[in-house]
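As structure tokens, the structure follows; a few thoughts come after it.
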Amino acid sequence: MTVILEVAVRRMFALGCAVLAAVPLASPAQAAPRRAVPQKAGTVVSVTPLPANLWLPGSGAAHRVVYSSTGPGGKPALSSGAIFVPKGTPPRGGWPVVSWTHGTVGLGDACAPSTAGRSERDVTYLTQWMARGYAIVSSDYVGLGTPGVHPYLDGRTAAYSAADIVRAARSVNRSLAAKWVAIGQSQGGHAALFTAALAPKYAPDLDFRGAVATGPPSNLESMVALAGPYIPDLPLPDLTAYTAYILAGVRAARPGLDLDRYLTPLGKQVVADAENLCYADMVNRTKGVGIGKLLNRSLFDARFFQELRNVLEVPLTGYGKPFYIAQGMVDTTVPIPLTLKLVADLKLRRAPLTFKAYAGADHSGTMAASLPDTTKFVAGLFKN
């Protein structure tokens with residue numbers, strides 16, 4: 001019986017918990033100083049020129065902006081991000097806007113892409129969007145480079161950050177149009193789906209057209225809830241790092257949850273480290289540390305599961321604009337069965353969804369593989 005349980009647990013975790021993309025990091029960022037948060041979301045707090053080495057190719061102007069947004073629990077919070085405006089003369093009505101929601105980089109301030117830089121994969125991908133005539137704005141998300149712990153995978157907070165940087169960017173550069181889309185990969189794909197569901201009501205002053213999500217994690221709440229001290233060590237080097245990020249993110253999003261009661265002394269140390277370490281360092285920190293070693297009891301209790309759902313669960317309703325989900329068929333970071341379940345649930349509710357799976361594409365490869373389809377999809381959203 002013990003052998004059967006162990007095999008079952010291994011299969012479930014190998015399938016469901018290895019999530020989100022690893023994004024290479026560059027130089028550390030400086031945390032933003034504490035300051036009063038303007039009550040009006042999207043208000044610019046500060047704007048500075050972006051260093052030339054952080055510009056996307058094809059940019060005519062690039063800035064880092066700190067702006068007000070909405071954090072966990074609906075409370076005002078600061079976010080930061082970057083604004084990239086194409087070279088040349090904007091089209092009539094202004095540059096259409098892509099709000100890029102990035103994948104996993106870590107939770108610490110030093111991980112914020114607007115100061116740490118972006119992976120070659122992301123730069124290549126975003127440059128191709130800019131070459132098609134889109135301004136790119138990219139939030140770091142609340143807590144990355146701004147006060148507080150980043151509430152990792154709190155989809156609502158990420159969606160608000162993605163919408164509010166469009167508001168902020170339009171006050172920084174008047175050549176940006178009000179029409180915009182959200183596009184994201186991995187953690188950012190999760191954020192893009194939340195944006196698709198929430199943006200029209202959250203930011204009615206903007207002209208939201210739709211979204212693209214590549215490799216978005218979903219159904220994580222059910223997978224994470226299976227964890228406990230009985231989980232054996234699994235041959236997935238980044239699984240413990242992601243799990244620690246999720247636990248730290250849930251605690252940041254739901255500070256009333258007593259997470260420590262579920263953690264061993266080692267687990268408390270690892271989750272505390274997760275609040276500060278960027279991805280590569282976090283993977284090194286958790287080498288040889290299995291998920292079971294973090295926990296002193298099962299996470300499968302009613303209170304914890306409900307909080308997981310409140311933070312992580314992708315909305316199944318509320319989509320008023322078209323959106324696209326791209327999934328790699330050999331993605332081992334976000335396994336396709338999880339996405340297929342999400343797609344089935346969305347289609348059952350008649351969501352305006354386009355879905356395509358890409359043969360031979362892994363987690364990162366889905367971005368490039370889907371680009372010919374997603375650029376046509378987005379162009380169609382901006383036709384009128």
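Observations
- With Cα atoms, 0 to 90° folded angle of helix 120-131 axis to the chain main axis: 30
- The Cβ shell under 14 Å around Ser370 holds other residues with a net charge of 0, Lys and Arg each +1, Asp and Glu each -1.
- Net charge dipole, the stretch 139-188: roughly 300 debye, given to the nearest 20, about the Cα centre with Cβ charges of +1 for Lys and Arg and -1 for Asp and Glu.
- Percent of Cα-Cα distances greater than 40 Å, calculated over the chain: 10
- Highest average packing first - 315-328, 240-253, 202-215, Cβ atoms within 10 Å: 240-253, 202-215, 315-328
- Assigned charges on the beta-carbon of Lys, Arg, Asp, Glu; the chain dipole about Cα centre (debye): 1120
- Carbon + sulfur, % of accessible area of the chain - ligands and nucleic acids excluded, 1.4 Å: 57
- Rounded tilt (10° steps) of 336-348 against the dominant C-alpha axis of the chain: 60
- For the chain, accessible area per residue (1.4 Å probe, heavy atoms of protein chains only), Å²: 39
- For the chain, the longest principal axis of the alpha carbon atoms and the long axis of helix 265-274 meet at an angle near 10°.
- Peptides 72-85, 225-238 ranked from most to least packed, by the mean per-residue count of other Cβ atoms within 10 Å: 72-85, 225-238.
- With Cα atoms defining each centre, the stretch 66-144 and the stretch 168-215 are spaced 10 Å apart in the structure.
The values are calculated or read from the model by the stated rules, or taken from the named source; none is laboratory data. As the structure is a prediction and not an experimental result, all values here were calculated from the model. When we count neighbours, we look across all protein chains shown, and the Cβ atoms used for this are built from the backbone with ideal geometry, even at glycine. Areas reflect the complete protein model, heavy atoms only, side chains present, ligands, DNA and RNA absent. Shrake-Rupley method; radii C 1.70, N 1.55, O 1.52, S 1.80 Å.
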